[in-house]
Amino acid sequence: MATNYIQAGSVVTLPAPALVSSGGIVTAGNIAGVAMGSASAGQPVDVAVSGIFELPKVAAENMTLGAPVYWDATPGLVTLDSATGANPRLGTVVKAAPATTGAVAVRLVSV
């Protein structure tokens with residue numbers, strides 16, 4: 001193994017930007033993922049940055065298979081709207097979620 005290898009990178013430890021619950025979304029710059037535990041602001045929390053997770057979405061949006069999705073922290077929902085870079089890229093839809101549904105299966109992307 002290379003002497004400069006650190007870890008696989010599917011889970012990274014980040015400082016919680018605010019109070020976060022297990023299963024909540026954590027963002028830090030271009031990193032976005034799912035908290036694997038709960039943490040207070042500033043405390044370390046393990047964050048999955050790969051894998052497929054069912055997450056709450058904007059119910060009015062029709063999310064098709066393969067569509068890129070973003071995280072809108074204000075309502076705490078997955079959205080199709082990048083808000084011109086204000087919403088960080090979260091992943092890709094892996095199972096279509098029509099309008100009126102409240103959740104979507106997302107494959108997280110490691111940025």
Residue list for segment 26-49, filter: at pLDDT 95 or above, open to solvent by 20 Å² or more (accessible area, probe 1.4 Å) and in contact with a Gly (Cβ under 9 Å, 6 or more places away or on another chain): MET36, SER38, ASP46
Residue within segment 75-98 that is of a type in the set (Asp, Glu), in a strand (DSSP E or B) and free of Cβ contacts under 8 Å to residues at least 40 places away in the same chain present: no
Complete set of residues in segment 88-98 that are over 15 Å from ALA32 (Cβ atoms), open to solvent by 40 Å² or more (accessible area, probe 1.4 Å) and not β-branched (Val, Ile, Thr): LYS95, ALA96, PRO98
Residue in segment 8-19 that is part of a loop (DSSP other than H, G, I, E, B), touching a residue at least 60 places away in the same chain (Cβ under 8 Å) and either open to solvent by 60 Å² or more (accessible area, probe 1.4 Å) or out of contact with any strand residue (DSSP E or B) (no Cβ under 8 Å at 6 or more places or on another chain) (or both) present: yes
The one condition in (1) loosely packed, with under 14 Cβ neighbours inside 10 Å; (2) among the β-branched types (Val, Ile, Thr); (3) modelled with pLDDT of 95 or more that VAL69 fails to fulfil: (1)
Which listed residue is among the small types (Gly, Ala, Ser) and closer than 17 Å to VAL20 by Cβ, from GLY76, GLY91, GLY66: GLY76
Qualifying positions in segment 78-87 - surrounded by fewer than 20 Cβ atoms within 10 Å (Cβ to Cβ) and of a type outside the set (Val, Ile, Thr): LEU80, ASP81, SER82, ALA83, GLY85, ALA86
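Do we find that VAL104 is within 23 Å of ALA18 (Cα to Cα), within 16 Å of the chain's Cα centre (by Cα) and open to solvent by less than 40 Å² (accessible area, probe 1.4 Å) in this structure?
When the stated conditions are applied, VAL104 does not pass them.
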Some residue of segment 72-94 being charged (D, E, K, R), more than 23 Å from GLY29 (Cβ to Cβ) and out of contact with any Pro (no Cβ under 7 Å at 6 or more places or on another chain): no
THR3 vs. criteria in a loop (DSSP other than H, G, I, E, B), of a type outside the set (Lys, Arg), on the phi > 0 side of the Ramachandran plot and loosely packed, with under 11 Cβ neighbours inside 10 Å: no
Where ALA59 falls short, out of the listed (1) touching a Leu at 6+ places or on another chain (Cβ under 9 Å); (2) open to solvent by 30 Å² or more (accessible area, probe 1.4 Å); (3) outside any loop (DSSP other than H, G, I, E, B): (3)
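The values are calculated or read from the model by the stated rules, or taken from the named source; none is laboratory data. Quick caveat: nothing in here was measured; it's all calculated off a predicted structure. For neighbour counting, all protein chains shown are included, and Cβ atoms are generated from backbone atoms with ideal geometry for every residue, glycine included. Remember, those area values only see protein heavy atoms, side chains included, never the ligands or the DNA or RNA. Shrake-Rupley method; radii C 1.70, N 1.55, O 1.52, S 1.80 Å.
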